[in-house]
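Peer 1: After the structure tokens below, expect a handful of questions from me.
The values are calculated or read from the model by the stated rules, or taken from the named source; none is laboratory data. Model, not experiment: these values are computed from the prediction. Neighbour counts run over all protein chains shown; Cβ positions are idealised from the backbone, glycine included. These area figures cover heavy atoms from the full protein model, side chains too; ligands, DNA and RNA do not enter into them. Shrake-Rupley method; radii C 1.70, N 1.55, O 1.52, S 1.80 Å.
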Amino acid sequence: MYDLIIKQGKCADGSVVDIAVKEGKIAALGSLEHNATAARTIDLQGRYFLSAGWIDSHTHCYPSSPIYNDEPDLVGVSSGVTSVVDAGSTGADDIDEFYRLTRSAKTNVFAFLNISRIGLLRQNELGDMNDIDDALAHRAIRAHQGFVVGIKARMSSSVVQQNGIQPLVRAKEIQANNGGLPLMVHIGNNPPNLDDIADLLTQGDIITHCYNGKPNRILTPEGELRSAVKRALDRGVLLDVGHGSASFSFDVAEVAIAQGIYPHTISSDIYCKNRIKGPVYSLAYVMSKFLLVGLSLPQIINCVTANAAQALRLPNKGRLAVGCDADFTIFDVVEQAQVFADSEQQSRSGQTLILPLAAVVAGQPMLTQDGESRNVF
């Protein structure tokens, strides 16, 4: 007897699947035997979509952050997201408290450790090189293996101030001394110049805010991919959306995607303000924008499941496969007129919305508000 059976879930490619869960893991997949039983059965009747649990690889959900803060479950399971990754809100000084706070969350919570020991205590956390303490970072990473999945460096002028590219040099040293953990690099206003940033990045490093509309963006004024960024992508550097309040341009995304410059991961850069007042609102809302700029539903779902798990080195997440974690998202794709705004005061009109209905974490189903109103189960 299984703990949970989900019947007739529609995959993004249109196929239909049954899934059985035992002890928080996927125990069986495909067409289950007719006499299979479970403590709980949810029948989606081929009506609703089912995917591996969505992973938002760039959030700010440390509740105690004085700048960007939120509650993990408000950006997580309440929005159909089963795993959230805080992107550098905390450094070595406060990672212990963040870890403690996340233990009561229903959402899986992970963290990129800010290379500045103070984290986002202030906007210019890399303005003082003395705040980059390799030994403290190493200790924090060792103490929180499995929770800290990477390191974060925000490489824009307001953050690094007079230090230019040097914080990124130190980040690469910290990375090398800690098993080559994934490094997420925020790009924004220069200096430092994006070319100099890109030239330092290596396979598996992540450029976030990849479709920002600032002058220091991935495209040249002529709309072509900057040569340094192309070289980085050829080395295996990954592009992450990281929408946020100031880091996503419809114009840039449309031009890039038309040339085949796709995101590896779609993430929200969500925190309380842009969740409540926009333009982010939720990961699903950000995902919906990519239906407008040229990605298919299977591509979008892949960006928040398999691709995200691969980038974060979470081998038991992001896939519907026997033995993987029983994390799923149940959702619908509805025809609903919507005006979507980017971070540059530009808008696009669309007719299609990705609507999360439920999150299942380790086999435990939780309805979203839309899921409750539809009486999904």
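Peer 1: Going by the conditions given, is S83 touching a residue at least 12 places away in the same chain (Cβ under 8 Å), crowded, with 21+ Cβ neighbours inside 10 Å, in the same structural domain as I301 (by the TED database) and within 19 Å of the chain's Cα centre (by Cα)?
Peer 2: Details: touching a residue at least 12 places away in the same chain (Cβ under 8 Å): yes; crowded, with 21+ Cβ neighbours inside 10 Å: yes; in the same structural domain as I301 (by the TED database): yes; within 19 Å of the chain's Cα centre (by Cα): yes.
Yes.
Peer 1: Same structure again: Do we find that V77 is on the phi < 0 side of the Ramachandran plot, in contact with a Phe, Trp or Tyr (Cβ under 8 Å, 6 or more places away or on another chain), aliphatic (A, V, I, L, M) and not assigned by the TED database to the domain that holds G363 in this structure?
Peer 2: no
Peer 1: Scanning for something over 21 Å from E71 (Cβ atoms) and buried (at least 24 other Cβ atoms within 10 Å of the Cβ), does segment 264-285 turn up at least one residue?
Peer 2: Yes: segment 264-285 contains one or more residues that are over 21 Å from E71 (Cβ atoms) and buried (at least 24 other Cβ atoms within 10 Å of the Cβ).
Peer 1: Just name the residue that is farthest from the chain's Cα centre (by Cα) out of those in segment 115-155 that are among the polar types (S, T, N, Q) and farther than 15 Å from N177 by Cα.
Peer 2: Taking segment 115-155 first, the residues among the polar types (S, T, N, Q) are 116, 123-124, 130, 145.
Cutting the leftovers down to farther than 15 Å from N177 by Cα gives us 116, 123-124, 130.
Details: S116: 21, Q123: 21, N124: 23, N130: 30 Å.
Per the stated criteria, the residue is N130.
Peer 1: Considering each residue of segment 19-51, count those that are basic (K, R) and surrounded by 15 or more Cβ atoms within 10 Å (Cβ to Cβ), and give that number. Before the answer, list the steps.
Peer 2: Step one: list which residues in segment 19-51 are basic (K, R), which gives 22, 25, 40, 47.
With the extra rule that they be surrounded by 15 or more Cβ atoms within 10 Å (Cβ to Cβ), the set shrinks to 22, 25.
Going through segment 19-51 one residue at a time, the tally reaches 2.
Peer 1: Still on this structure: On the given criteria, is D370 part of a strand (DSSP E or B) and open to solvent by 10 Å² or more (accessible area, probe 1.4 Å)? Can you show your working first?
Peer 2: Numbers: part of a strand (DSSP E or B): no; open to solvent by 10 Å² or more (accessible area, probe 1.4 Å): yes.
The answer is no for D370.
Peer 1: Regarding segment 33-51, can at least one residue be identified that is within 22 Å of A308 (Cβ to Cβ), in a strand (DSSP E or B) and over 24 Å from the mean Cα position of the chain (by Cα)?
Peer 2: no
Peer 1: Out of (1) in a loop (DSSP other than H, G, I, E, B); (2) within 21 Å of G371 (Cα to Cα); (3) open to solvent by 70 Å² or more (accessible area, probe 1.4 Å), the odd one out for K7 is which?
Peer 2: Looking at each condition in turn, K7 falls short on (1).
Peer 1: Same structure again: Can you tell me which residues in segment 273-321 are part of a helix (DSSP H, G or I), of a type outside the set (G, A, S) and closer than 20 Å to Q345 by Cβ? Working first, answer last.
Peer 2: Taking segment 273-321 and keeping what is part of a helix (DSSP H, G or I), we get 273-276, 283-292, 297-303, 306-312.
Pick out the ones that are also of a type outside the set (G, A, S) and you get 273-276, 283, 285-287, 289-292, 297-303, 307, 310, 312.
Passing the criteria: K273, N274, R275, I276, Y285, V286, K289, F290, L292.
Peer 1: Tally up the residues in segment 190-217 that are out of contact with any Asp or Glu (no Cβ under 7 Å at 6 or more places or on another chain) and closer than 21 Å to Q161 by Cα, please. Before the answer, list the steps.
Peer 2: Taking segment 190-217 and keeping what is out of contact with any Asp or Glu (no Cβ under 7 Å at 6 or more places or on another chain), we get 190-205, 209, 211-212, 214-217.
Imposing the further condition that a residue be closer than 21 Å to Q161 by Cα reduces the set to 190-201, 209, 212, 214-217.
Count: 18.
Per-residue answers, yes or no, for (1) touching a helix residue (DSSP H, G or I) at 6+ places or on another chain (Cβ under 9 Å); (2) outside the structural domain of V237 (by the TED database):
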position: N274; (1), (2): no, no
position: I300; (1), (2): yes, no
position: C303; (1), (2): yes, no
position: V333; (1), (2): yes, yes
position: G350; (1), (2): yes, yes
position: L353; (1), (2): yes, yes
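Peer 1: To continue, here is another question. Only one residue in S65, S78 is over 17 Å from S267 (Cα atoms), hydroxyl-bearing (S, T, Y) and surrounded by fewer than 24 Cβ atoms within 10 Å (Cβ to Cβ), so which one is that? Even if it seems obvious, please write down each step before you answer.
Peer 2: Numbers: S78 fails: over 17 Å from S267 (Cα atoms).
One residue alone meets the criteria, S65.
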